[in-house]
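Peer 1: Here it is: the structure, laid out below.
The values are calculated or read from the model by the stated rules, or taken from the named source; none is laboratory data. The structure displayed is predicted, hence computed values, not measured ones. Neighbour counts are summed over all protein chains in view; Cβ atoms, including those assigned to glycine, are modelled from backbone coordinates with ideal geometry. Side chains are part of the model used for accessible areas, which takes the heavy atoms of the whole protein and leaves out ligands, DNA and RNA. Shrake-Rupley method; radii C 1.70, N 1.55, O 1.52, S 1.80 Å.
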Amino acid sequence: MNPEKAITISAAAHGIRSEQICPRALGIIKKLQHAGFEAYLVGGCVRDLLLDHTPKDFDIATSAHPEQVRKLFPSCRLIGRRFRLAHVHFGRDYLEVATFRAPHQDGKGGQVNAQGRITHDNVYGTLVEDAWRRDFTINALYYDPLHDEIKDFVGGLADLAKRQICMIGDVEQRYREDPVRMMRALRFSAKLDCAIDGETESLILPMAALLNDVAPARLFDEMLKLLHSGYGWQSFQYLDEYQLLDHLLPLTTDSLEQDPDGRFQRLLELALQNTDRRLAQGKSVMPPFLYAVLLWDKVQHYSAEAQQDGYPEMQALQLAATEVLRQQVKHTAIPRRFSNITRDIWSLQKRFSTRELKRVTALFENIRFRAAYDFLCLRAEAGEPVAEDAEWWTTFQDVDPEQRAAMCSKTSKRRRRKKRGPHKNSSQSNVG
Ligand code: ATP
Ligand code: MG
């Protein structure tokens, strides 16, 4: 294949219709081209349009440098250090406009560390160079909506027809440059129902450990892209099968290995399938809930151990939550605003057994009630012994306020005096 030569085909021949293109993206491309720059739609949106999927977003690639883009669009903001990108804003929404980049080894601004990983990647290039630095052939198709043309330098159209995911260039080197590409391969395979080709597939398992060197914050983002893609359950199974999970969620894999009756596996399956369903219905999903599920078994385990050491139930759970989150953030950094909610979902579980009016009301009015109740129902469905509580709370929400009061007892059983843990002032750090 001549790397400079593109196959150019008419997009209409592939069934792309102009009304499928985001009008804002069209407007940006028009303005860039009229100013004398090259500008195309690129990446996931072209791929998805050709596969008859609805694109998630419309990314634009251009020969204009970020500063030049900024001059053309007053609402443009430049972001990023590793990848300098232009965001053209429309209120709270924005479209991403990226300048063509060259493969890092050919330019001056690129940097690779001792393991071959890209650390800086700000080398501007030509359209052809930009195509060859992308990850998979099906992600390197350029669509010019003004001239109704698709440009393919890397054989992406042929791979799309075969429904296969194929790395551009030397697979080993490309995984070394950016190990997250392994996660991306699995994500696209799950989402697009495409096979992963040859070495692109066979090198994932032997190279999985490279994920240990990737920044935990980036892995958190990528994890969400996989598990909140609408194909979360399939993606999770691929992560497990190719052993990437060991490096992303080692506590979860440990739980799965010590899951004799398959209850935890069932919880994960129900939760991820439920998430996929919610996304298909356009409903919201939240990262704290996902992590509450993924780490639940370990929290229970550590909590039981702490109780054996003499801690009261609630304190044991808090200690367990802190420890589990402390271990997990080494792999995928969970922002504190999320992990605090995860903690709440866990700690509210213990309160669902109450039937005393005051406590029931307080729990029902808790800001995290809905998430905690959904979590309780999943646990019940997975076979944990909480079905009675789940049913009671389901009925409670269905009936009118008078009946609610009638379901509850007026007074609590005499409260036992609080038992103290072995370390009287054991302070709880807020890790996670
Ligand atoms: P999605 O539907 O999830 O948005 P996408 O292919 O558009 O899929 P993005 O993460 O939005 O994925 O990236 C846009 C494009 O940027 C990709 O299609 C690919 O061409 C390129 N790209 C993204 N991440 C990488 C990477 N790690 N290495 C090389 N190219 C990448
Ligand atoms: Mg995209």
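Peer 1: Whose amide H sits under 5 Å from the amide H of residue 195, counting only residues 5 or more places off or on another chain, with H placed in the peptide plane?
Peer 2: When sequence neighbours closer than 5 places are left aside, the close amide H contacts are 165.
Peer 1: Hey, what's the per residue convex hull volume over the C-alpha atoms of region 185-262, in cubic angstrom? Don't skip to the end; give the middle numbers.
Peer 2: Details: hull volume 7.7 nm³, N = 78.
Spread over its residues, the Cα hull of region 185-262 gives 99 Å³ apiece.
Peer 1: So which of 56/162; 30/56; 225/330; 31/283 end up more than 27 Å apart by C-alpha? Intermediate values should be presented prior to the final figure.
Peer 2: Numbers: 56/162 22 Å; 30/56 21 Å; 225/330 19 Å; 31/283 35 Å.
Table pairs above 27 Å Cα-Cα are 31/283.
Peer 1: If you don't mind, another one. Cut-off 10 angstrom, C-alpha nodes, Gaussian network model of the chain. Which of 60, 165, 367 fluctuates the most?
Peer 2: Sorting by GNM fluctuation, first place goes to 367.
Peer 1: Evaluate 2.2 N^0.38 Å with N set to the residue count of the chain, then give the Cα radius of gyration divided by it. Write down the numbers at each step before the final one.
Peer 2: Numbers: Rg = 25.6 Å, N = 432, 2.2 N^0.38 = 22.1 Å.
My calculation over the Cα atoms of the chain gives 1.16.
Peer 1: Hey, another quick one. At 7 Å along the Cα-to-beta-carbon direction for both residue 147 and residue 218, put a label point, then send me their distance in nm to one decimal.
Peer 2: Here the answer is 3.4 nm between the modelled labels.
Peer 1: Then there's this: How big is the convex hull of the Cα atoms of region 1-167, per residue, in Å³?
Peer 2: Considering the Cα atoms of region 1-167, their hull volume per residue is 125 Å³.
Peer 1: Do the sum for the chain: with -39,500 (n - 2.57) for every DSSP H run of n ≥ 4, divided by all residues, what is the mean residue ellipticity at 222 nm, to the nearest 500 deg cm²/dmol?
Peer 2: Helix-only estimate at 222 nm: -14500 deg cm²/dmol.
Peer 1: Separate question: List the residues whose amide H sits under 5 Å from the amide H of residue 76, counting only those 5 or more places along or on another chain, with H placed 1.01 Å from N in the peptide plane.
Peer 2: 89
Peer 1: For the residue pair residue 83 and residue 356, what label-to-label distance in nm results when each label sits 7 Å from Cα along the Cα-to-beta-carbon direction?
Peer 2: For residue 83 paired with residue 356, the spin-label model returns 5.5 nm.
Peer 1: If each of residue 283 and residue 254 carries a label point 7 Å out from its Cα toward its Cβ, how far apart are those two points in nm?
Peer 2: 3.3
Peer 1: What full-extension length gain, to one decimal in nm, is calculated for residue 410 and residue 193 as 0.36 nm per residue of separation minus the Cα-Cα distance?
Peer 2: 72.6 nm
Peer 1: Give the accessible area for residue 254 in Å² (nearest 10); use a 1.4 Å probe, count only protein heavy atoms, and leave out ligands, DNA and RNA.
Peer 2: The value for residue 254 is about 50 Å².
Peer 1: What is the mean projected area of the alpha carbon convex hull for region 25-79, to one decimal in square nanometres?
Peer 2: 4.1
Peer 1: A follow-up question, please. In whole percent, how big is the carbon plus sulfur part of the accessible area of the chain, probe 1.4 Å, protein atoms only?
Peer 2: Of all accessible area on the chain, carbon and sulfur atoms account for 48 percent.
Peer 1: What does the accessible area of residue 21 come to, in Å² to the nearest 10, when a probe of 1.4 Å is used?
Peer 2: For residue 21, the solvent-accessible surface is approximately 10 Å².
Peer 1: Quote the accessible area belonging to residue 34 in square angstrom, nearest 10, computed with a 1.4 Å probe and with ligands, DNA and RNA left uncounted.
Peer 2: Looks like 150 Å² after rounding.
Peer 1: Contour minus end-to-end for residue 366 and residue 261, with contour as 0.36 nm per residue of separation and end-to-end as the Cα-Cα distance?
Peer 2: 34.5 nm
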